[in-house]
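*Asks:* Shown below is the structure under consideration.
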Amino acid sequence: MLHQLSWKVGGQQGEGIESTGEIFATAMNRLGYHLYGYRHFSSRIKGGHTNNKITVRPTEVRSIADDLDILVAFDQETIDVNYKELTPKSIILADAKFNPVAPEDCVAPLFAVGFTEIAAELGTSLMKNMVAIGATAALLNLKEEVFQNVVTEIFGRKGEEVVAKNMEAIQLGRVAIAEQIGERVGDWELAPADGKRRMFMIGNDAVAFGALAAGARFMAAYPITPASEIMEFMIKKLPLVGGAVIQTEDEIAAATMAIGANYGGVRSFTASAGPGLSLMMEAIGLSGMTEQPLVIFDTQRGGPSTGLPTKQEQSDLMAMVYGTHGEIPKVIIAPSTMEEAFYDTIQAFNIAEELQLPVIVLTDLQLALGKQSVDPFDYSKVEIRRGKIVTPEETDAKDYFKRYEVTEDGISPRVLPGVKGGIHHVTGVEHNEQGKPSEATGNRRDQMDKRFRKLNSLRFDNPVHVNAPHEEADVLLVGFNSTRGAIEEVQEVLNAEGIKTNHAHVRLVFPFPAEEMSALVDKAKKVIVVENNATGQLSNIMKMAIGGHAKTTNILKYDGTPFLPRELTNLVKEKI
Amino acid sequence: MATFKDFRNDVKPNWCPGCGDFSVQAAIQRAAANVGYEPNELAVVSGIGCSGRISGYINSYGFHGIHGRALPIAQGLKMANRDLKVIASGGDGDGFAIGMGHTIHAIRRNIDITYVVMDNQIYGLTKGQTSPRSAAGFVTKSTPGGAIEPSLKPLEVALTAGATFVAQGFSTEIKELTALIEAGLNHKGFSFINVFSPCVTYNKVNTYDWFKENLTKVADIEGYDSSNREQAMQAVMQSEGLLTGIIYQDTETTSYQEKVSGYSEIPLTDIDISLTEEQFDKLTKEFM
Ligand SMILES: Cc1ncc(C[n+]2csc(CCOP(=O)(O)OP(=O)(O)O)c2C)c(N)n1
Ligand code: SF4
């Protein structure tokens, strides 16, 4: 019995590869297994190789597996591109239609199954993915009933007959592979799962759910990979709670509209990726200067320019920290798990309103689109804090309201447009306490200091996710966003081998948690910062904030693919 | 009830004496009072330019944003608080060069706000470069040999973009301009008002006298029907855009807000923004 199964389905884009993975994964999730899915796709709609790799375990799974147990291939390219991940214990299930051949050095056996042929005999070759799922089910010793609910949900509205046909396709897929492999049926059976119901979602779902729970009721955005799902979720859900989404003409409009709506008093946000963030830079400065709350999600993808639009990278960090001209206070949060993505989003909206500044929630493609099983979020932990909003009863100002009053903590009272006694001016020009333009040197200093002073009030629990079992470590591994799972697995391996390894995953990127990180760096002989970029952006930010430069090195990967645990283990070993 | 004086504040405009923008400001203040707003019920959002300073000169909520982006800020504000009256304003560079994309899409989108452009056919604040509104041949600092690009035709653009309200005024004709802005404020949807607002410092061609000589009022065109888009387009083309009055108004098309499904009828700022536990659990189950 296996304790981990790594399954991959591949073929041409637009051929139903996604739904094959989706149906298999959903069924496994409902059995209580833990999953981690990662899609490889290209920036075209039809054609081009795509695959979906799903790692399944009865216990928690944190990362994509290095190896592959079962490869389901709908074309030869799938075999050619992916066979190196196979081991002698693996198996290839390939559609007989394309006369599949295993490359000479392929260590796993290949079985050609008439996916298309069987489906066509049932009425439509579209059902070839169900035949493939049936074949998979045979290897895993899964009963068809496991798929009944999922199939009914997907095809139910097309009628009972369609559901029945699809179930039949699964059954026939099972029979077809059983005839070929005989007693090896069931060899890939997984240890039983706990049967607990968990959510199965992508990071974009987690942040969108978070935004909804945080009370965001307006979103303005422009489509882009890998952020669009956030907008699509909001388009489905905001109307149910009275809110609205505007798909704008560009990201400049998206960011400035969100600023306008926040100024109006409703929690508003936008979401994009690198190219969109580049366009938003001036607006981010406006939010900082006018002290209007603004929440932006940046789902990082491969840059620069259009770069690798459908691939993993973590190269926006510097641009987010230092982007926008002039100097403003801002907060950048980088969640690394589904839970963090959800709760940090809620924090982002709270911080943006409490400190009246822009908050960027940084994710990356692997986190944004990787689909994982996750325990339900905790409703009781959702807390909405809106900061110093002055109610109509609290102001009867006759003159302009001091919206930019210089206060001890730098946070000024905020009044929403419409309120009598609240009239004030807002401008990106340097301004006085009433918001009226002023270039006086003293005022400039006061306002600048006031804006930056707000950061002293930043409350952020656990700015670094720490797993540091060693008082004196041989190595401290550092990362941010989706590299967390791979690093955790590396840490386990190294510790088991006697290499004392600590792990710090930076969650609050800016202002950089210098104190927490310094303490960890001090305890380590070597510091290795693991990043999906070419220049070591996180380590550079670290070096600006704390010491330990001589012992700090990088492991950098910028080929568009995520770190895999064994690969990373070897890279770390080379460094120590 | 507020009078136009209630819309005055104590800030002294830094416009050059004689600048057309003074009268636009006065017209907005009068129109706001005439339609019965209180200062706190109005927000003026403006872009960057000499004209963009206007939001600081009116006693109302004011937001002076960034160059070319008055419209998206204003639209976001209106979406947040649909009870608030929102005016966006700025120069011709602001609205027709850097902000042109937003202008066209705001017109198409038809959110219920009023947009007043102070069109002086030149860049004032940056000291006299050509604008998309400068006529071909116009000599400026950036076009010493005369502009070679044809000038942009905002009324034609607005009409083809699907505008539901298009008007044009002239800043010295304060009565007419006030009436146009009032009509815009009362219009249910996006109202676009282009105003010839001479720059006395950098534009020595399109002067007050020049406009007086060249402008025609639609009211003087016999049988002019402002609900007829084809006729509006024809009149605009024939006059090369030198018309004033309500050029076109469509009173039937509903505004964007009326069309958004599920959008709260009370301002989003007034709704309870927390999810109930029931809503939360329902969402959770959808992922299971
Ligand atoms: C992004 C950006 N680019 C350029 C400028 C410089 N700038 C300020 S106002 C302006 C144009 C002003 O012309 P217009 O919008 O017609 O307004 P006017 O001053 O004539 O009223 C320019 C180019 C700026 N503020 N921001
Ligand atoms: S430069 Fe022109 S537009 Fe600017 S204030 Fe002076 S007259 Fe008005």
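The values are calculated or read from the model by the stated rules, or taken from the named source; none is laboratory data. These numbers were taken from a predicted model, which means no experiment stands behind them. Cβ sites come from the backbone with ideal geometry, for glycine too, and all protein chains shown count toward neighbours. Quick note on the areas: whole protein, heavy atoms, side chains included, nothing else; ligands and nucleic acids left out. Shrake-Rupley method; radii C 1.70, N 1.55, O 1.52, S 1.80 Å.
*Asks:* Give the relative contact order (percent, whole number) for the stretch A:5-184; include only Cα pairs under 8 Å separated by 6+ residues.
*Replies:* With pairs under 8 Å counted, the relative contact order is 19 percent.
*Asks:* Using the Karplus curve 6.51 cos²θ - 1.76 cosθ + 1.60 with θ = phi - 60°, what ³J(HN,Hα) values do you get for each residue of the stretch A:161-176, in whole Hz, with x for Gly and Pro?
*Replies:* Calculated HN-Hα couplings, in order: 5, 4, 4, 4, 4, 5, 5, 5, 4, 4, 4, 5, x, 4, 4, 4 Hz.
*Asks:* Taking 19 Å as the cut-off for C-alpha to C-alpha distance, list the pairs among B:5/B:212; A:523/A:551; A:53/A:84; A:84/A:575; B:78/B:153; A:330/A:420 that go past it. Intermediate results must be reported in sequence, preceding the final value.
*Replies:* Details: B:5/B:212 28 Å; A:523/A:551 11 Å; A:53/A:84 14 Å; A:84/A:575 25 Å; B:78/B:153 27 Å; A:330/A:420 30 Å.
Beyond 19 Å between Cα atoms: B:5/B:212; A:84/A:575; B:78/B:153; A:330/A:420.
*Asks:* Residue by residue through A:424-436, how many Cβ atoms from other chains fall within 10 Å of the Cβ on average?
*Replies:* 5
*Asks:* Hey, can you grab everything whose amide H is under 5 Å from the amide H of residue A:401? Only 5+ residues off in sequence or another chain; H modelled, so Pro and N-termini drop out.
*Replies:* A:423, A:424
*Asks:* Taking the Cβ of residue A:187 as the center, what net charge do the other residues with Cβ under 12 Å away carry, scoring Lys and Arg +1 and Asp and Glu -1?
*Replies:* Residues close to residue A:187 contribute a combined charge of -1.
*Asks:* Separate question: Along the stretch B:150-161, what does the Karplus equation 6.51 cos²θ - 1.76 cosθ + 1.60 (θ = phi - 60°) give for ³J(HN,Hα), rounded to whole Hz, x for Gly and Pro?
*Replies:* 3J(HN,Hα) across the stretch B:150-161, in whole Hz: x, 7, 6, 10, x, 5, 5, 4, 4, 5, 6, 6.
*Asks:* Return the inverse of the average 1/r over all pairs of distinct C-alpha atoms in the stretch A:402-452, which is the Kirkwood hydrodynamic radius, in Å to one decimal. If you can, show how the numbers build up before the last one.
*Replies:* On the way: mean 1/r = 0.0894 Å⁻¹.
The Cα-based Kirkwood calculation yields 11.2 Å.
*Asks:* Could you grab the relative contact order for chain B? Cα pairs under 8 Å, six or more apart, rounded to a whole percent.
*Replies:* Taking the mean separation of contacting Cα pairs over the length of chain B, I get 18 percent.
*Asks:* For residue A:44 and residue A:445, what is the calculated FRET efficiency with R₀ set at 41 Å and r taken between the beta-carbons, to the nearest 0.05?
*Replies:* Values: r = 54 Å, r/R0 = 1.31.
In this case the efficiency is close to 0.15.
*Asks:* May I have the convex hull volume per residue, in Å³, for the Cα set of chain B?
*Replies:* Numbers: hull volume 44.1 nm³, N = 288.
Spelled out: Cα convex hull of chain B, divided by residues, is 153 Å³.
*Asks:* Of all GluC sites (Glu not before Pro) in the stretch B:146-239, which ones are in loop regions per DSSP and have a Cβ with at most 15 other Cβ atoms within 10 Å?
*Replies:* The qualifying sites are B:222.
*Asks:* Continuing with this model, one more query. List the residues whose amide H sits under 5 Å from the amide H of residue B:243, counting only those 5 or more places along or on another chain, with H placed 1.01 Å from N in the peptide plane.
*Replies:* B:216
*Asks:* A further question on this structure: Using only the alpha-carbon atoms of the stretch A:141-266, report the extent along each of the three principal axes, biggest first, to the nearest angstrom.
*Replies:* Largest first, the stretch A:141-266 extends 67, 34, 25 Å along its Cα principal axes.
*Asks:* At a Cα cut-off below 12 Å, give the aspartates and glutamates reachable from residue A:89, other chains included and same-chain residues fewer than 8 away excluded.
*Replies:* Result set, ordered by chain and number: A:67, A:69, A:187.
*Asks:* Give the average, rounded to an integer, of partner chain Cβ atoms located within 10 angstrom of each Cβ in A:212-220. Present the calculation step by step, with values, prior to reporting the outcome.
*Replies:* Working: counts 5, 6, 3, 5, 1, 8, 5, 0, 4.
Other-chain Cβ atoms within 10 Å of each residue's Cβ, averaged: 4.
*Asks:* Over its Cα atoms, what ratio of radius of gyration to 2.2 N^0.38 Å does the stretch B:1-107 give?
*Replies:* Here the answer is 1.03, to two decimals.
*Asks:* To make sure I understand the rule: partners must be lysines, Cα under 18 Å from the Cα of residue A:158, and not fewer than 8 residues away in the same chain. Which ones qualify?
*Replies:* Excluding near neighbours in sequence, the set is A:128.
*Asks:* Give me, ordered by chain and number, the residues 5 or more places off residue A:552 or on other chains with an amide H under 5 Å from its own placed amide H.
*Replies:* Close amide H contacts, sequence-distant or interchain: A:527.
*Asks:* Which residues does the label zone of residue A:187 cover in the stretch A:107-138, counting backbone N under 12 Å from a point 7 Å along Cα→Cβ?
*Replies:* So the set is A:108-111.
*Asks:* State log₁₀ I(q)/I(0) for the stretch A:353-506 at q = 0.09, 0.15, 0.16, 0.17 Å⁻¹ as given by the Debye formula over alpha-carbon point scatterers of equal weight, solvent excluded.
*Replies:* Summing over Cα pairs of the stretch A:353-506 leads to -0.53, -0.92, -0.97, -1.03.
*Asks:* Roughly how many Å is it from the Cα centre of the stretch A:234-302 to that of the stretch B:9-71, as a whole number?
*Replies:* With the stretch A:234-302 and the stretch B:9-71 each reduced to a Cα centre, they are spaced 25 Å.
*Asks:* Could you list log10 I(q)/I(0) for the stretch A:490-576 at q = 0.11, 0.14, 0.20, 0.21 Å⁻¹, which the Debye formula gives when each Cα is one point scatterer?
*Replies:* Debye curve over Cα of the stretch A:490-576, log10 I(q)/I(0) at q = 0.11, 0.14, 0.20, 0.21 Å⁻¹: -0.30, -0.50, -1.03, -1.12.
*Asks:* Related question: For residue B:252 and residue A:430, what does the FRET efficiency come to when R0 = 45 Å and r is the distance between their Cβ atoms, rounded to the nearest 0.05? Please list the in-between numbers first.
*Replies:* On the way: r = 46 Å, r/R0 = 1.03.
My answer for the efficiency is 0.45.
*Asks:* Calculate, for the stretch B:4-263, the solvent-accessible area per residue in square angstrom, rolling a 1.4 angstrom probe over the heavy atoms of the protein chains.
*Replies:* 38 Å²
*Asks:* Suppose a student asked you for the relative contact order of the stretch B:46-94, using Cα pairs under 8 Å spaced at least 6 residues apart; what percent would you report?
*Replies:* On the way: 71 pairs, mean separation 22.5, N = 49.
For the stretch B:46-94, the relative contact order is 46 percent.
*Asks:* At 1.4 Å probe size, with the rest of the protein present, what percent of the exposed accessible area of the protein assembly as shown is carbon and sulfur atoms?
*Replies:* Exposed carbon and sulfur together represent 50 percent of the surface.
*Asks:* I would also like to ask the following. Work out, in µm²/s and without decimals, the Stokes-Einstein translational diffusion coefficient of the stretch A:5-184 at 4 °C, 1.567 mPa s, Rh from Kirkwood over C-alpha pairs.
*Replies:* Diffusion coefficient, whole number: 80 µm²/s.
*Asks:* What's the buried accessible area, both sides, between B and A using a 1.4 Å probe, rounded to 100 Å²? Please list the in-between numbers first.
*Replies:* Numbers: alone 14190 and 23230 Å², together 32510 Å².
Counting both chains, the buried surface is close to 4900 Å².
*Asks:* On to the next question. Any idea how far the Cα center of the stretch A:426-453 sits from the one of the stretch A:33-65, in Å?
*Replies:* 50 Å
*Asks:* May I pose another question? Relative to the Cα centre, what is the charge dipole magnitude of chain A, using +1 at the beta carbon of each Lys and Arg, -1 at the beta carbon of each Asp and Glu, and rounding to the nearest 20 debye? Working shown, then result.
*Replies:* On the way: 58 positive and 75 negative charges, 198 e Å.
Here chain A has a charge dipole of around 960 debye.
*Asks:* Residues of B:260-270, mean number of Cβ from any other protein chain within 10 Å of their own Cβ, rounded to a whole number?
*Replies:* Averaged over the peptide's residues, the number is 6.
*Asks:* Return an integer: the convex hull volume of the alpha-carbon atoms of the stretch A:117-173, in Å³ per residue. Before the final figure, lay out the partial values.
*Replies:* Values: hull volume 3.6 nm³, N = 57.
Dividing the Cα hull volume of the stretch A:117-173 by its residue count gives 63 Å³.
*Asks:* If you don't mind, another one. List the aspartates and glutamates whose Cα sits under 19 Å from the Cα of residue B:85, skipping any in the same chain fewer than 8 residues away.
*Replies:* Excluding near neighbours in sequence, the set is B:6, B:38, B:41, B:112, B:182, B:258, B:265, B:270.
*Asks:* Once you have the Kirkwood Rh of the stretch A:324-364 from its Cα pairs, apply Stokes-Einstein at 37 °C and 0.692 mPa s and quote D in µm²/s.
*Replies:* 306 µm²/s
*Asks:* How large are Rg and Dmax for the stretch A:200-381 when calculated on the C-alpha trace, in angstrom?
*Replies:* Rg and Dmax of the stretch A:200-381, Cα atoms, are 14.6, 42 Å.
*Asks:* Out of all DSSP beta bridges in the stretch A:200-381, what portion is antiparallel? Express it as a percent rounded to 5.
*Replies:* 15 percent
*Asks:* Would you kindly calculate the mean projected area, averaged across all directions, of the convex hull enclosing the Cα atoms of the protein assembly as shown, in square nanometres?
*Replies:* So the Cα hull casts an average projection of 40.8 nm².
*Asks:* Continuing with this model, one more query. Whole-Hz Karplus ³J(HN,Hα) for the stretch B:257-271, in order, using 6.51 cos²θ - 1.76 cosθ + 1.60 and θ = phi - 60°, x for Gly and Pro?
*Replies:* Karplus values, whole Hz, x for Gly and Pro: 4, 5, 8, 5, 6, x, 5, 4, 7, 9, x, 4, 5, 9, 8.
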